[in-house]
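Throughout, read-outs are computed from the coordinates displayed, never taken from laboratory work. It should be emphasised that the depicted structure is a prediction, and the values quoted were computed from it without experimental measurement. Cβ sites come from the backbone with ideal geometry, for glycine too, and all protein chains shown count toward neighbours.
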């Protein structure tokens, strides 16, 4: 049934269904990332971003749509991950401003909000690129603008918006040649189509039983953690703990079960209830997650194993936990640490790289990077935890810079962003850091230093592709210079050699090789030997980076 006016109930349903559709299609959106290396994370980023927005709406205590939209915008802002997540948050920031005073939304209110979202996001992006999520958002809004005056229902508006978004999405390969080369549409644009389809589905009222919202894994974890904290952290004597083991597990239903019995939720829950207390069982068609306090963890696991494979098993001895809490409370409070003049934050993945960045003066590490983009909230938390008067942030990845800039806007202390797009740039920038200089001086000097290093990355292709006339085959080695694929082949040393010819210049002096989790010291030494033969005047260094995705990172300065 068509919906004429959007009330708080319809608005919440729209956000819920959009979050659900993104969750169900995140891997598909990931697969559209055109870079033929294992960094397809647009779907993951948009999904986690929108989950944060839905959580904020779901927890809001209001029946005013404009107020709900403000909660949505704040949730998206703080949960934004990657460029796609940040851009999504900006679209709905404009949407929220447009409807701030509206208790309910008419068709024309909804049309104007979609238009204002587009205006806001184009203003927020320094250099808008067509053929992306921006094009899809604009296509939806322009389609709606042509019929909004005569639209009778909000369902009519969203029907047209979805049609316009899909039409715009189909044009993205013509606007971005790299999309046409690989034969895909823009991944962020596809994610936005799923969001708008979720809106339409909620407004149309045609939600089938199979499409009913189910809590995803992150929400299951949140529910289990809430139950855990509500029941464990009470202070009492150890003798009062009848069921001393906090036990958790996840069951992948139907995967190698030890019994042919069909899973029955009530039967399963009742059995576990006999074995303990503080029981919480959350289930969907594929996964069951369990939290229970028991004296018999093994019986819990055995019962779960009847129906599928177990993962995320955890057993905590609550008696020991209780003793630890009591001991901690009885200790004198630790003295407050003096506030730092400067906090330096870097986004880095891999134990070796983290230690290397700390040796260069980084005070706080955010674990993340390629395929693991931290959210705006993650960066804000790191800024707050620095205990510093002012902070410098090195994202070390182009897909994290926008989230860092959003964190800068909401931070309560002065923050400067050094727009480092690679690990090599981040390391080089740190060499220009002066603890006695002002924040603006450091930002200028460290940003200028980014251009003095050439960044190289070696990895493997995960699929066949064609990029800039390069015929790439699955499992080829790829040589990437300053985030652009420049060479590919089946021989690692040959690819390294060809890549280095594009990196080494007349003024080059030092080559640094960072060995990743999938790399080896032996191969790194072979690369050094090759460099010595071809460039005898260059100095070479090797460090264990332990980074994922890229077996070897190579910097030339």
Can you give me the orientation-averaged projected area of the convex hull built on the Cα atoms of segment 96-199, in nm²? 6.6
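Starting from the Cα gyration tensor of segment 454-556, multiply each eigenvalue by 5, take the square root, and state the resulting semi-axes largest first in whole Å.
Numbers: eigenvalues 92, 49, 26 Å².
Three semi-axes, in Å: 21, 16, 11.
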Alpha-carbon centroid distance for the pair segment 96-167 / segment 246-318, whole angstrom: 45
For residue 452 and residue 473, extending 7 Å from Cα along the Cα-Cβ vector and measuring point to point gives, in nm, a value of 4.3
Expected output is a single nm value to one decimal: the length gained when fully extending between residue 163 and residue 59, i.e. 0.36 nm times separation in residues minus the C-alpha distance. What is it? 34.3 nm
log₁₀ of I(q)/I(0) at q = 0.10 Å⁻¹ - segment 8-211, Debye sum with one point per alpha carbon: -0.37
Looking only at segment 71-112, which residues have a backbone nitrogen under 17 Å from a spot 7 Å from the Cα of residue 145 in the C-beta direction? 91, 94-95, 98, 108-112
Could the peptides 102-109, 406-413 be put in order, highest first, of the mean number of other beta-carbon atoms found within 10 Å of their residues? 102-109, 406-413
Residue 384 versus residue 520, label points 7 Å from Cα toward the beta carbon: distance in nm? 4.7
By average C-beta atoms within 10 angstrom, highest first, the peptides 191-204, 426-439: 191-204, 426-439
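Translational diffusion coefficient of the chain at 4 °C, 1.567 mPa s, Stokes-Einstein with Kirkwood Rh over Cα pairs, in µm²/s as a whole number.
On the way: Rh = 26.3 Å.
Result for D is 49 µm²/s.
For residue 510 and residue 311 in the same chain, what is the full-extension length gain: residue separation times 0.36 nm, less their Cα-Cα distance, in nm? Walk me through the numbers before you get to the answer.
On the way: separation 199, 0.36 × 199 = 71.64 nm, distance 4.58 nm.
Result: 67.1 nm gained on full extension.
Viscosity 0.692 mPa s, temperature 37 °C: Stokes-Einstein D of segment 1-110 from its Kirkwood Cα radius, in µm² per second? Don't jump to the answer; show the numbers that get you there.
On the way: Rh = 14.3 Å.
Answer, rounded: 229 µm²/s.
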quick note, segment 340-452, DSSP beta bridge pairs, % antiparallel (nearest 5) is 5
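Given 0.36 nm per residue, what is the gain on full extension from residue 24 to residue 7 after removing their alpha carbon distance, in nm?
Working: separation 17, 0.36 × 17 = 6.12 nm, distance 2.58 nm.
Full extension from residue 24 to residue 7 adds 3.5 nm.
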By the mean-Cβ-within-10 Å protection proxy, highest first, 288-295, 417-424, 261-268 rank as 417-424, 288-295, 261-268
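Rounded to the nearest 500 deg cm²/dmol, what is the calculated helix-only ellipticity per residue at 222 nm for the chain, with -39500 (n - 2.57) per DSSP H run of length n ≥ 4? Before the final figure, lay out each step's value.
Values: 20 runs with 271 residues, N = 557.
After summing the helix terms and dividing by residue count, I get -15500 deg cm²/dmol.
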Quick check of the Kirkwood formula: for segment 340-452, what is the inverse mean of 1/r over all pairs of different Cα atoms, in Å? 13.4
Taking R0 as 25 Å and r as the Cβ-Cβ distance between residue 463 and residue 170, the FRET efficiency 1/(1 + (r/R0)^6), rounded to the nearest 0.05, comes to 0.70
Defining a contact as two alpha carbons under 8 Å apart and six or more residues distant in sequence, what relative contact order in percent does segment 8-211 show? 25
